[in-house]
Every structure is written in C-alpha cells, then in structure tokens.
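*Asks:* Handing you a structure now.
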Amino acid sequence: MQVVDSLSGFAVVEQAPAKINLALCVVGQREDGYHLLDSLVTFTAFGDRLGLSSAPEDRFTISGRFGAALDADDDNLVTRARDRLRRALAEQGQDAPPVHIHLEKNLPIASGIGGGSADAAAALRGLLTLWRGTLPQSVLDAIAIGLGADVPMCLAGRPLIACGIGEEITPVALPAMPIVLANPLVGVSTPAVFKALACRDNPPLDLEARPADWLSALARLRNDLEPPARQLCPDIAVIADGLAATDARVVRMSGSGATCFALYPSMEAAEAAAAALKQKHPHWFFAATITLGDVDGEA
Ligand code: C5P
C-alpha cells in the first residue's frame with residue numbers, strides 16, 4: 001500500500017481536535033441503556049487531521065503515531081461518515097463523487113478524548129466542503145448522532161455543554177487554557193466503564209456563570225466515570241497522580257478514560273510538566289497544547 005506522509009497535496013484539510021470532558025456528570029439512564037449526561041466539553045488545538053481530495057475511486061489511508069493501531073480496510077467511523085453523508089446527499093439530488101480520505105492519527109485510540117468521533121465529524125465537515133454539499137441541520141444532526149454519541153459535539157467543535165446522551169448541545173463561553181493530555185496507552189472500553197458505574201443518578205453540572213477564576217471553578221467539578229475507570233485501569237491513578245505533582249490547577253480524567261488532562265496557568269508551566277512526565281514515562285503519551293476558547297481573558 002502506498003504510504004501518504006503529508007496532507008499538503010490534499011484539496012481540503014480538516015482538523016479533528018481532541019474532545020475534553022472538563023466535567024462529566026451521569027444524571028440518569030434511558031430505557032435503551034444509554035446514559036444521560038450533563039457534560040462541559042472543550043476541544044484542543046492538538047488532534048488528528050484529515051486530508052480529502054477527489055479520486056477515481058473511494059480510498060481511505062492512515063498515517064501518524066497511532067495509525068498503525070488502525071486498519072484502513074476495517075469498518076471505521078470515517079468511512080461510515082462518508083457513506084452516510086453520500087446517501088443523504090443523494091436523497092437530496094446532490095452529487096458525492098469518489099474521494100480519497102487520509103487520516104493522520106495523532107490521538108491515542110479508545111482514550112476518552114473523542115478520537116474516532118472527532119475524525120467522523122471532521123470527515124463530515126471536510127466532505128461537505130469538497131462536495132459543496134448542503135443539508136438541513138436536522139439531517140446532519142441525525143447523521144452525527146447515528147455515528148456515535150460524541151459525534152454531534154465534535155461536529156460543533158467549540159466549548160459547549162452536552163446533555164441527553166450527547167446530542168443536546170448548548171454553546172458556552174470558555175477561555176483558551178493551557179492543557180496537558182496524558183495517556184498510559186491502555187485502551188479503556190467505554191461500555192465497560194458505564195457498566196461499572198456505582199450510581200447513575202448523580203447531581204447535574206454546577207458551573208458558575210462567569211467565574212472570575214476559571215481554573216478554581218473548573219477544579220470544583222467532577223467526572224462521574226473516573227471512579228469506575230480507575231477500578232478497571234489502575235494506570236489512571238498513576239497518571240493522575242503524576243499530573244497532580246506538577247503545577248497543575250485542575251487534574252481530571254476525560255470521557256471514559258484513560259486520558260487524563262491537567263490545566264495550567266501558563267503555557268510554560270504546561271510544557272514543563274509534559275517534558276518532566278515524558279522523562280519519567282517515556283512510552284506514555286503526553287501533549288502540551290491549548291484549549292480552543294472563545295472568550296477573551298485569562299483562565
Ligand atoms: O455512541 P457510542 O458508540 O460512542 O457509545 C459507546 C458505548 O458507550 C455505548 O454502547 C454505551 O454502552 C456507552 N454510552 C452510554 N451512554 C452515553 C454514551 C455512551 O451508555 N451517553
């Protein structure tokens with residue numbers, strides 16, 4: 001198979017930012033087993049990237065640090081997104097010709113930071129651009145939630161509060177914040193973590209409207225999936241303790257884990273923490289980056 005190293009030759013390049021659950025409250029459960037959430041979500045500058053170009057026939061290729069963990073011939077959320085979008089456009093009489101999609105996989109797999117969902121959302125955005133397609137928002141929303149509970153929030157790609165199983169999205173104002181992502185490179189099964197929850201009826205998110213000190217306000221929040229995930233994956237405690245021993249103001253697990261994040265008052269502090277942790281755990285994944293904020297001012 002031809003190896004594609006760069007996205008420079010692609011007609012459209014889309015970012016697939018990592019999704020961070022700054023807080024995740026499990027507030028109930030639907031009859032079909034899915035859990036009702038109240039989650040504060042943001043995204044980071046660091047993430048996967050997709051390149052998209054017209055091609056004689058459909059093609060999907062993968063590169064990047066974590067690309068080897070995926071097989072381009074297997075069922076993948078990116079190709080599923082392509083197929084469902086193409087079908088929806090065809091129903092509206094719009095053309096969706098063959099496409100080469102290349103995924104640069106920079107995010108660890110099954111790690112609680114969006115990964116496949118971010119890639120699927122980026123594929124939807126990129127293909128709509130490439131194909132010059134237009135769909136009613138309701139049709140796009142239905143495709144997104146059909147691909148996975150995290151895809152609608154990844155499609156929004158901005159700070160938000162997600163309710164329902166993830167499909168009820170309310171934009172929220174959050175500042176950009178220096179952040180370190182840390183993962184022990186152990187995949188955690190999302191269904192297993194939800195199954196191991198001790199309580200499914202927890203209090204909702206309680207975030208001050210416009211806190212003077214964002215980091216203190218965020219430090220008071222929680223992720224209800226963290227206790228069961230810690231039970232299933234003991235490395236989470238090691239990685240969270242490692243982050244807590246740095247100058248971090250907030251340390252928490254994202255999604256169903258195992259990625260933990262830490263928020264810092266400055267980029268220098270975040271970079272120093274990531275460098276120190278990398279020395280201690282050379283085989284684990286660390287990234288110092290910034291969250292995509294949309295309000296001015298200091299965190
Ligand atoms: O929708 P997605 O395929 O990403 O969900 C993976 C699994 O995570 C589901 O099968 C379900 O077990 C669990 N889940 C849940 N409640 C949610 C989201 C996911 O129970 N809100």
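*Asks:* Rounding to the nearest 20 debye, state how big the charge dipole of the chain is about its Cα centre with +1 on each Lys and Arg Cβ and -1 on each Asp and Glu Cβ. Could the numbers behind the result be given before it?
*Replies:* On the way: 24 positive and 35 negative charges, 42 e Å.
Its charge dipole is roughly 200 debye.
*Asks:* Do you know the Lys pair count in the chain for C-alpha distances under 23 Å, with sequence separation 8 or more or different chains? If you can, show how the numbers build up before the last one.
*Replies:* Values: Lys19/Lys105; Lys19/Lys195; Lys19/Lys278; Lys105/Lys278.
Qualifying lysine pairs in the chain: 4.
*Asks:* Using the C-alpha gyration tensor of the chain, what are the square roots of 5 times its eigenvalues, in whole angstrom, with the largest one first?
*Replies:* The three semi-axes for the chain are 31, 22, 19 Å.
*Asks:* Still on this structure, please answer the following. Stretched out fully, how many nm does the piece from His281 to Ala68 gain, at 0.36 nm a residue minus the Cα gap?
*Replies:* On the way: separation 213, 0.36 × 213 = 76.68 nm, distance 2.10 nm.
Working it through step by step, the gained length comes to 74.6 nm.
*Asks:* A follow-up question, please. Would you list Thr291, Thr246, Thr134 from fewest to most Cβ contacts within 10 Å?
*Replies:* Details: Thr291 24, Thr246 18, Thr134 11.
Ordered from fewest to most neighbouring Cβ atoms within 10 Å, Thr291, Thr246, Thr134 come out as Thr134, Thr246, Thr291.
*Asks:* Among the GluC sites (Glu not before Pro) in the range 1-103, which ones are in a DSSP loop with at most 10 other Cβ atoms within 10 Å of the Cβ? Mind listing them?
*Replies:* On the way: sites: Glu14, Glu31, Glu57, Glu91; in loops: Glu31, Glu57.
Those that pass, being in a loop and sparsely packed, are Glu31, Glu57.
*Asks:* Rounded, prolate or oblate: which fits the range 1-144 when a ≥ b ≥ c are the square roots of the eigenvalues of the alpha-carbon gyration tensor, with rounded for a/c under 1.5 and prolate only if a/b beats b/c?
*Replies:* Working: a/c = 1.98, a/b = 1.26, b/c = 1.57.
Verdict is oblate for the range 1-144.
*Asks:* A follow-up question, please. Classify the range 236-285 from the C-alpha gyration tensor, please: rounded if a/c falls under 1.5, else prolate or oblate depending on whether a/b exceeds b/c. Please list the in-between numbers first.
*Replies:* Numbers: a/c = 1.86, a/b = 1.15, b/c = 1.61.
Taking the square roots of the gyration eigenvalues as a ≥ b ≥ c, the range 236-285 is oblate.
*Asks:* Continuing with this model, one more query. Run through all the Cα pairs of the range 174-290 and give the fraction in each 10 Å bin from 0, expressed as whole percent.
*Replies:* 14, 43, 34, 10, 0
*Asks:* Taking R0 as 45 Å, what FRET efficiency do you get between Ala196 and Ala11 from their Cβ-Cβ distance, rounded to the nearest 0.05? Could you put the intermediate results ahead of the total?
*Replies:* Details: r = 45 Å, r/R0 = 0.99.
Once the sixth-power term is evaluated, E becomes 0.50.
*Asks:* Tell me, what are the semi-axes, in whole angstrom and largest first, of the equivalent ellipsoid of the range 83-176 as set by the roots of 5 times the Cα gyration tensor eigenvalues?
*Replies:* On the way: eigenvalues 110, 58, 28 Å².
That gives 23, 17, 12 Å for the three semi-axes.
*Asks:* While we're here: For the range 193-218 and the range 241-299, what is the separation of their C-alpha centers, rounded to whole Å?
*Replies:* Centre-to-centre (Cα) distance: 19 Å.
*Asks:* Provide Thr61, Thr170 in ascending order of the number of other Cβ atoms located within 10 Å of each residue's Cβ, fewest first.
*Replies:* Details: Thr61 16, Thr170 9.
The fewest-first ordering by Cβ neighbours comes to Thr170, Thr61.
*Asks:* Still on this structure, I have one more. Mind jotting down the distance between the C-alpha centroids of the range 77-133 and the range 145-168, whole Å?
*Replies:* Centre-to-centre (Cα) distance: 15 Å.
Here, each number is a calculation from the coordinates, and none is a lab measurement. Predicted model, so just to flag it, every value in this text is computed and none were measured. All Cβ positions, glycine included, derive from the backbone under ideal geometry; neighbour counts span all protein chains shown.
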